[in-house]
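Participant: My questions all concern the structure below.
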Amino acid sequence: METTKMKQAKLIACSCVIVFFVGVTASPLWAGQVASAEHSVSGLHKFFVAGGWLVWVVLLPLSVVTIGLIIQYFLLLRRGKLLPTTVINRVHDSLADGDLSEAQEFLRTEGSFLSRTLYVGLAELKNGRGAMENTMAEMIEQDTTTLLRRIEWLNIIGNVAPMVGLFGTVWGMIDAFQGIVNAGGQPEPADLAGGISVALVTTWWGLVVAIPALATYGFLRNRIDSLAAEVSVTAEELLRDVDAKAAS
């Protein structure tokens, strides 16, 4: 598990570094191109360059990280990964043949959500059905909490991104009012355009990052709860007719 977390951290860090250096290198070039063609404002300048360093250094990397996390979590929280049909069929056949040891050995090495729940249930069966059900409930709660903690990153990003956008809004308005001061109180529209662009573009990016992150977070929370309930029902059905004496 630790190795997986280290790989995820390295991937996120590399993505942020790549985006940062591409932005730092390309931003002046694109800005120069736009300045030489003031009559034509490209979409690239409108949504990237005009936002300033805050977009390149913070918000764009956050969007890359968000996309990566969403893809990763959707791959992780598949029904076939947490409740594999092969596990259900294999355990059902082993228990039907009365071979609890074979079922336990298979579950010990399989590693899915359902397998861990069934394994602790069979291990505790010798102490009675009540003990078995309590142990399975504890394992389900533990695994559910672990999954919820993993997707918590989307909640954090979804709440932080609008704050970063708001910071850019304040920064841009300060810059715009400074333009008024520098113009002696009678600025030209061009004197204010830069600051207002920063304010609007950073706000836009903050919402672009936050909305998908929070929407996906809410969807995945419901999915985890649904899959946990299904694990509980499936485990109870598989072990319903197992004799406690056979596990002794």
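Participant: Given SER232, SER226, SER197, which one is modelled with pLDDT of 90 or more and buried (at least 16 other Cβ atoms within 10 Å of the Cβ)?
Facilitator: Just a single option satisfies the conditions, and that option is SER232.
Participant: Can you pull out every residue in the stretch 204-223 that is crowded, with 17+ Cβ neighbours inside 10 Å and within 14 Å of ARG79 (Cβ to Cβ)?
Facilitator: Of everything in the stretch 204-223, those that are crowded, with 17+ Cβ neighbours inside 10 Å and within 14 Å of ARG79 (Cβ to Cβ) turn out to be LEU220, ARG223.
Participant: Give me the pairs: first residue in the stretch 132-150 and within 19 Å of GLN104 (Cβ to Cβ), second residue surrounded by 20 or more Cβ atoms within 10 Å (Cβ to Cβ) and among the acidic types (Asp, Glu), beta-carbon distance under 6 Å, and six or more apart or on different chains, which are they?
Facilitator: MET132/GLU124; THR135/GLU124
Participant: Which of the helices (runs of 4 or more DSSP H) found entirely inside the stretch 25-138 contain at least 1 residues meeting this: modelled with pLDDT under 80, under 33 Å from the mean Cα position of the chain (by Cα) and surrounded by 14 or more Cβ atoms within 10 Å (Cβ to Cβ)?
Facilitator: 43-47
The values are calculated or read from the model by the stated rules, or taken from the named source; none is laboratory data. Note that the structure is a prediction, hence the values are computed from the model and not measured. Counting neighbours? That spans all protein chains shown, and the Cβs are built from the backbone with ideal geometry, glycine included.
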